[in-house]
1. State whether one or more residues within region 421-428 are assigned to a loop (DSSP other than H, G, I, E, B) and either at pLDDT 85 or above or closer than 25 Å to Ala383 by Cα (or both).
2. Tell me the residue from Ile653, Ile626 that is on the phi < 0 side of the Ramachandran plot, assigned to a loop (DSSP other than H, G, I, E, B), at pLDDT 85 or above and of a type in the set (Val, Ile, Thr), please.
3. Please verify whether Ala620 is out of contact with any strand residue (DSSP E or B) (no Cβ under 7 Å at 6 or more places or on another chain), assigned by TED's automatic domain parsing to the domain that holds Leu485, hydrophobic (A, V, I, L, M, F, W, C) and under 30 Å from Ala501 (Cβ atoms), treating the condition exactly as stated.
4. Output the number of residues of region 528-547 satisfying the condition of being without any contact (Cβ under 8 Å) to a residue 12 or more places away in the chain and buried (at least 22 other Cβ atoms within 10 Å of the Cβ).
5. When you go through Thr268, Thr275 one by one, which is the residue that is of a type outside the set (A, V, I, L, M, F, W, C), crowded, with 18+ Cβ neighbours inside 10 Å and touching a residue at least 40 places away in the same chain (Cβ under 8 Å)?
6. Please list, ordered by residue number, the helices (runs of 4 or more DSSP H) wholly in region 212-275 having 3 or more residues that are under 29 Å from the mean Cα position of the chain (by Cα).
7. Residues being touching a Lys or Arg at 6+ places or on another chain (Cβ under 8 Å) and either among the aliphatic types (A, V, I, L, M) or at pLDDT 95 or above (or both): count how many of those fall in region 571-602.
8. For a quick check of your reading of the model, give me the residue pairs whose first member lies in region 666-677 and is in contact (Cβ under 8 Å) with a residue 12 or more places away in the chain, whose second is charged (D, E, K, R), with beta-carbon atoms closer than 6 Å and at least 6 apart or on different chains.
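The values are calculated or read from the model by the stated rules, or taken from the named source; none is laboratory data. Not measured: the values here are computed from a predicted model. Heads up, the Cβs are rebuilt from the backbone with ideal geometry, glycines too, and the neighbour counts pull from every protein chain shown.
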Amino acid sequence: MVKKKIDNRIRVMIENGVKLGHRTMFLLVGDKSRDQVPILYDMLVKSTVKARPTVLWCYKNKDEAISNHGRKRAKKIAAGKLEVSEESLFDSFRVATTIHGRYYSESHAMLGQTYGVCVLQDFEALTPNLMARTIETVEGGGLIIFLLKTMDSLRQLHSISMDVHSRFKTEAYDTVVNRFNERFLLSLADNPRCLVLDDSLTVLPISSKTAQIEPVDAVPERVNPKLTDLVTSLSDTPPAGPLVALCRTYEQATALVALINTLADKQTRPPHCLTAARGRGKSACLGLAVSAAVALGYVNIYVTSPHPENLITLFEFVLKGLDACLYQEHIDYNIVRSTNPDFKKAIVRINIARNSRQTVQYITPDDHSLLSVADLVLVDEAAAIPLVHVAAAASKAPLAFLSSTVSGYEGTGRALSLKLFAQLQNENNAPPPIKLEEPIRYRAGDPIEGWLNSFLCLEAPPPSVGVGSPPPAACELLRVNRDALFCYHRAAEAVLHRLVAIYVASHYKNSPNDIQLLADAPAHCLFVLLAPTPPKSTSMPEILCVIQLCLEGSLSDRSVKDSLGRGRKAAGDLIPWNICEQFGDKDFPKLSGARVVRIATHPSYQRMGYGKRALQQLAAYYMGDIPCLDETPSDDEEKETTGKADSLHTETIVPRSKPPTLLKRLTEVRPEHLDYLGTSFGLTEELLKFWKSQKYMPVYLR
């Protein structure tokens, strides 16, 4: 095998990550990228003194080298039944490494698990939700590796067709502009813990911010003296003493003590809520609380989560807690694993028989029948479970502990924190949620966490408190240019985060996928209502209201006949298809219309008429009451051109030097021709009154 010198920055970057407890990201470009993963993995193994890290390998289609075929081949090589050549580095890597191959469609089973390396191939299948779920499973010092196919220029990512784009297209609007990938690429260039390499491990010019990487000194992990004092003070207090000794942070220890105190009362109490970003030790804390409940004599303990594999960490710490309380497997308790092949032999039940028969059992989130006979119910990853099931667990069980991720990576995210927890506090006099902020999976200040939160707007700060309330009639609706919004300019990023913050605060069910929908869906438009600008002001006025609009209709005769005659329905066009199916109207889908997908008002300005003002101006805009005064074509759609086509090894990726205008007055943008405006929403009396006040009439109810 011919040896090749590898850029020293790669090794230093990995070693620095291990020393600092921070993760490192690589983007490999080329068809042979997979063959370089063992080299990066070997550098990681040599940099750490722990056991060989486990690898999470995610793909869209079955990868023979990683899936069952690769596993069987690795076993034959290990047993000496199959020869492996010296050049087959990947085979050697496969034999010596624990690799968990996962389809992207199985990503829900990754929640709550921890790996040393995460490899993401089949880039076209990636979505923001998948990125958030997988990247956050990697521990401090670990690697995140993206594998891309061969391309002449990284700018080809701007035109690559992502799998999700097929759901964004409609018959009338089928041209996708890949703004999300453009912003992704620019954010990588801005990430100090990311290197972009080709498939021979040559560092590409996009990684200009990491041109000079100096080795750092190892930073020892500091133990909080408060944690030491707490462990010492409880050392003679079972079961709290041995369980608190297993905690990694002072916040986690105090949260566990609060849960144990509640368990010790053995009374029906309001639900306790535990909230944090990922990797803060919520699942471990719940697992230790289950051990305390067993030691305190609770008989029927039920645990639920979106998937049994999400509970791997929780059950791991249940067993650690039982061992700390001097319970012995096969003598005091037995473990039952699932026989369902989809659950990968996950633990679903623990039978305890020391003093009396006790059970810790997994139940599905929708199994409400067992809640009334439970002594304790724990809901882990509640943010990924429909609110109705979480509310049932909180109300029917005598005592419930809820754990929720509130950084918005999945499902209800922060909406759960805002809606359900506030409801529990008001109705049941429940204590405020216990918050865990100090990371455990990786150390504080991890740049990858900061990059992911910023890129996917996972931690959009709460909207600023409003100062003064301008009259609605003085406020103006403007149209947002999405090319400018997602160009990664500093001002555009600030506006994007403010928009997402208003969405989150308005109790919408948010997920990272909404960012890609907003960026790439060709039929979607965005409008904002701004407060009047004070004279000589240089700052952007407050965003009072956001409207997300989806253009629909303009369907052909053939599509309408297929829908009515054969039951075929294309993606999108919600209102036209429903009206066509319910009323048999073949002409309505041919009309062009628009559906208000979301209307969200700044929380400091709700119920003051700003939402109505925004809808009135939107209707006037599309009815032609606000004429377009600018007869010249818009410059916003013009793409910045480069005089010379650079190659992969010479190009530099930077934000546009002259981004298009971000916000335009309605008089400056010619509106699309529309025959109607509509909306679709979950019916409540309050919402129905609001829409009827704006002259919207209900035509379909189900």
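1. Within region 421-428 (the criterion being assigned to a loop (DSSP other than H, G, I, E, B) and either at pLDDT 85 or above or closer than 25 Å to Ala383 by Cα (or both)), the answer is no, since none of the residues qualifies.
2. Values: Ile653 fails: at pLDDT 85 or above.
Being on the phi < 0 side of the Ramachandran plot, assigned to a loop (DSSP other than H, G, I, E, B), at pLDDT 85 or above and of a type in the set (Val, Ile, Thr) holds for just one of Ile653, Ile626, which is Ile626.
3. On the way: out of contact with any strand residue (DSSP E or B) (no Cβ under 7 Å at 6 or more places or on another chain): yes; assigned by TED's automatic domain parsing to the domain that holds Leu485: yes; hydrophobic (A, V, I, L, M, F, W, C): yes; under 30 Å from Ala501 (Cβ atoms): yes.
Yes; evaluated as a whole, the condition is true for this residue.
4. Initially, region 528-547 is screened for residues without any contact (Cβ under 8 Å) to a residue 12 or more places away in the chain, giving 533-539, 541.
So of that shortlist, the ones also buried (at least 22 other Cβ atoms within 10 Å of the Cβ) come out as none.
Selection size over region 528-547: 0.
5. Details: Thr268 fails: crowded, with 18+ Cβ neighbours inside 10 Å.
Testing whether each residue is of a type outside the set (A, V, I, L, M, F, W, C), crowded, with 18+ Cβ neighbours inside 10 Å and touching a residue at least 40 places away in the same chain (Cβ under 8 Å) leaves just Thr275.
6. Values: elements: 225-233, 240-244, 250-265.
Helices (runs of 4 or more DSSP H) meeting the threshold: 250-265.
7. Summing the residues that are touching a Lys or Arg at 6+ places or on another chain (Cβ under 8 Å) and either among the aliphatic types (A, V, I, L, M) or at pLDDT 95 or above (or both) in region 571-602 gives 3.
8. Glu668/Asp630; Val669/Arg479
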